[in-house]
Amino acid sequence: GRLDARRTLKSLVADLRNNRFMMGDYNQKPKRCSSDRQDGYSNENQAADPKYVFESAGYKAEWITNEADALLPEFADKMGKYMADNGLTNSKIRSIYGEIKRIQMGEFEKEKASFYLLKPKVAYALGRDKKNKGLQLFKFIFDRSTKDVSNQKTYYNFCNLLEAILAYHKANGRD
């Protein structure tokens, strides 16, 4: 009874703390190093689950199937910031992003096989660093958005979404 209520209350308080910076309060940037924090928590302890972050951020399939709208930059900002704050480095996704851009330069119909082989590349990158929450979020975004890619136009929209996210990642990142 009472112990369960305490655990529930603690988890609710932790959830509120974890989501503070993702819900638009950018005035208070989370510290990058646990030794800098007075409360002893590191970003890894404060980071919300990547799947939850993705699902609560408002991804819209229409960004791929139709076109971007005014909400896409807000989504991209949240995703990029989370990835930067949770260990995703440019070097971890450089080869994947390079292949995405190479496919974009050609015709999607001729590059379909390369597109389908991106999914195992992303899985391999995550397999090398399973605890990296930023990379986990990248995989959630990648897996969800690639489901809607079916032709040149949708691939172009997919590239625009990833570019926006990675631009915010770079703006908030360490490298």
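The values are calculated or read from the model by the stated rules, or taken from the named source; none is laboratory data. Bear in mind the structure is a predicted one, so any value in this text is a computation, not a measurement. Because the Cβ atoms are built from the backbone with ideal geometry, glycine has one as well, and the counts that use them run over all protein chains shown. Heavy atoms of the whole protein, side chains included, go into the accessibility calculation; ligands, DNA and RNA do not. Shrake-Rupley method; radii C 1.70, N 1.55, O 1.52, S 1.80 Å.
Give the range 115-130 a look and list any residue that's part of a loop (DSSP other than H, G, I, E, B) and either surrounded by 11 or more Cβ atoms within 10 Å (Cβ to Cβ) or at pLDDT 90 or above (or both), or say none. Within the range 115-130, Leu117, Asp129 meet the criteria. So Gln136 passes all but one of these: (1) surrounded by 15 or more Cβ atoms within 10 Å (Cβ to Cβ); (2) touching a Phe, Trp or Tyr at 6+ places or on another chain (Cβ under 7 Å). Which condition number does it fail? It is condition (2) that Gln136 fails. Answer yes or no as to whether Ile103 is open to solvent by less than 30 Å² (accessible area, probe 1.4 Å) and farther than 21 Å from Ala48 by Cα. Considered against the rule, which asks whether it is open to solvent by less than 30 Å² (accessible area, probe 1.4 Å) and farther than 21 Å from Ala48 by Cα, Ile103 comes out as yes. Please work out which one of (1) open to solvent by 60 Å² or more (accessible area, probe 1.4 Å); (2) acidic (Asp, Glu); (3) assigned to a helix (DSSP H, G or I); (4) over 28 Å from Asp49 (Cβ atoms) is the condition Glu111 fails and give its number. Going through (1) open to solvent by 60 Å² or more (accessible area, probe 1.4 Å); (2) acidic (Asp, Glu); (3) assigned to a helix (DSSP H, G or I); (4) over 28 Å from Asp49 (Cβ atoms) one by one, Glu111 breaks only (1). Gly40 falls short on exactly one of the conditions (1) surrounded by 15 or more Cβ atoms within 10 Å (Cβ to Cβ); (2) of a type outside the set (Phe, Trp, Tyr); (3) modelled with pLDDT under 90; (4) more than 15 Å from the chain's Cα centre (by Cα), and that condition is (1).
Within the range 65-87, which residues are of a type in the set (A, V, I, L, M, F, W, C), within 13 Å of Ile165 (Cβ to Cβ) and open to solvent by 10 Å² or more (accessible area, probe 1.4 Å)? Matches in the range 65-87: Ala68, Leu72. All conditions in (1) at pLDDT below 95; (2) not in a helix (DSSP H, G or I) hold for Ala171, with the sole exception of (2).
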